[in-house]
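**Student:** Sharing a structure here in structure tokens format.
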Amino acid sequence: MSDGDTGRRRAELAEALRQVRERIDRACAAAGRPPEEVELLAVTKTFPAEDAALLADLGVVDLAENRDQEARAKVEKFSELRPRSGVRWHMVGQLQRNKARSVARWADVVESVDSGRLAETLRRAVANALDAGERSDPLDVLLQVNLDQRTDRGGCAPEDLPELAEIVTRMCEIRLRGVMAVAPLGEDPNVAFATLSEISERLRRDFPDALHLSAGMSADLESAIAHGATRVRVGTALLGGRRLVSP
Ligand SMILES: *Cc1c(COP(=O)(O)O)cnc(C)c1O
């Protein structure tokens with residue numbers, strides 16, 4: 001990109017970020033919650049590492065991807081562009097176990113853990129990465145809950161959550177931090193997020209470290225915040241429409 005293009009893109013992202021932060025602030029005010037309670041996760045899938053770098057310059061500290069292959073290359077490029085940025089990379093997409101080895105090298109957080117087998121594979125991958133000096137910290141994870149029994153867009157059934165949480169808390173290479181969910185398509189997100197909020201509260205009673213509730217995207221972040229989300233995952237409203245699905 002030329003300097004002019006970069007400047008234009010920076011201004012565009014700054015304005016979109018201002019608007020998203022304003023939406024978060026307003027939703028927090030409406031819910032009587034302090035805005036510091038809600039983290040903004042910028043979902044950079046399908047957008048280049050340069051955009052991620054500009055967002056980091058603008059103060060975004062949490063970035064997310066949904067596919068290992070795309071993320072791996074982007075995170076590498078990003079670390080060349082902003083070697084000391086201190087951003088945290090989140091994996092939010094469905095994760096095949098054969099990608100665990102790679103994800104353990106670049107992700108600070110995996111939000112899509114939905115089975116004991118996946119947790120165990122990740123645990124081993126993180127242990128290897130720690131041994132090899134490819135990462136320095138354990139992996140924070142969220143358990144993904146499926147709120148839509150009709151489809152399989154990832155996530156464990158709500159009734160299986162306590163058992164999965166029990167498995168994960170026994171592992172020291174990965175740390176249980178909360179739950180994540182996507183509102184079912186074509187349904188009132190308020191209904192889904194109310195259910196999710198109960199699920200999250202119930203889990204926290206037995207697992208006090210499971211503090212985070214990752215819910216809400218560009219279209220429904222207000223509803224998620226009203227129902228206790230501590231993290232919203234925003235792509236389109238920050239970066240613009242995605243012309244292509246992730247490669
Ligand atoms: C793409 C994606 C988002 C962001 O969605 P937008 O509607 O673009 O804000 C959030 N969460 C997950 C899991 C995603 O895959």
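None of the figures in this text is laboratory data; all of them are computed from the coordinates on show. All values derive from a computational prediction rather than experimental measurement. Positions of Cβ are generated from backbone atoms using ideal geometry, with glycine treated the same way; all protein chains shown enter the neighbour counts.
**Student:** In percent, how large is the relative contact order of the chain, given Cα pairs closer than 8 Å and 6 or more residues apart?
**Tutor:** 20 percent
**Student:** Obtain the nm distance between the two label points defined at Thr195 and Glu37 by a simple spin-label model: each point lies 7 Å from its Cα along the Cα-to-C-beta direction.
**Tutor:** 2.4 nm
**Student:** For a quick check, take a GNM of the chain with Cα springs below 10 Å and name the residue from Leu40, Leu221, Leu58 with the largest mean-square fluctuation.
**Tutor:** Of Leu40, Leu221, Leu58, the most mobile in the Gaussian network model is Leu58.
**Student:** In whole angstrom, how far apart do the alpha carbon centroids of the stretch 194-212 and the stretch 5-63 sit?
**Tutor:** A separation of 26 Å, based on Cα centres.
**Student:** Residue separation times 0.36 nm, minus the C-alpha to C-alpha distance between Ala73 and Ala219: what's the value?
**Tutor:** This chain segment gains 49.7 nm when fully extended.
**Student:** From the backbone phi of the stretch 33-45, what are the Karplus-calculated ³J(HN,Hα) couplings (6.51 cos²θ - 1.76 cosθ + 1.60, θ = phi - 60°) in whole Hz, Gly and Pro given as x?
**Tutor:** With the stated coefficients, the stretch 33-45 comes to 10, x, x, 5, 6, 10, 8, 9, 9, 8, 8, 9, 3 Hz.
**Student:** To continue, here is another question. Does the chain come out rounded, prolate or oblate by the C-alpha gyration tensor, with a ≥ b ≥ c the root eigenvalues, rounded set by a/c under 1.5 and, if not, prolate when a/b is larger than b/c and oblate if not?
**Tutor:** Oblate, since a/c reaches 1.5 and b/c is not below a/b.
**Student:** Indicate the gyration tensor shape class of the stretch 1-136 (rounded, prolate or oblate), computed on the Cα atoms with a ≥ b ≥ c the square roots of the eigenvalues: a/c under 1.5 is rounded; otherwise a/b larger than b/c is prolate and the rest oblate.
**Tutor:** Verdict is oblate for the stretch 1-136.
**Student:** A further question follows. For the peptides 59-65, 74-80, what is the packing order when you average, over each peptide's residues, the other Cβ atoms within 10 Å and list the highest mean first?
**Tutor:** 59-65, 74-80
**Student:** Related question: Take Cys172 and Asp5, extend 7 Å from each Cα along the Cα→Cβ direction, and tell me the distance between the two endpoints in nm.
**Tutor:** The answer from the label model is 5.0 nm.
**Student:** Quick check on the stretch 30-99: take the gyration tensor over C-alpha atoms, sort the square-rooted eigenvalues as a ≥ b ≥ c, and tell me if it's rounded (a/c under 1.5), prolate or oblate.
**Tutor:** Verdict is oblate for the stretch 30-99.
**Student:** If I model a spin label at Gln19 and Asp188 as a point 7 Å from the Cα along the Cα→Cβ vector, what separation in nanometres do I get?
**Tutor:** Label-label distance for Gln19 and Asp188, simple model: 2.7 nm.
**Student:** Stretched out fully, how many nm does the piece from Arg242 to Gln96 gain, at 0.36 nm a residue minus the Cα gap?
**Tutor:** Working it through step by step, the gained length comes to 50.2 nm.
**Student:** A further question on this structure: Place a label point 7 angstrom from the Cα of Arg153 along the Cα-to-Cβ direction, then list the residues of the stretch 53-70 whose backbone nitrogen is under 15 Å away.
**Tutor:** 66
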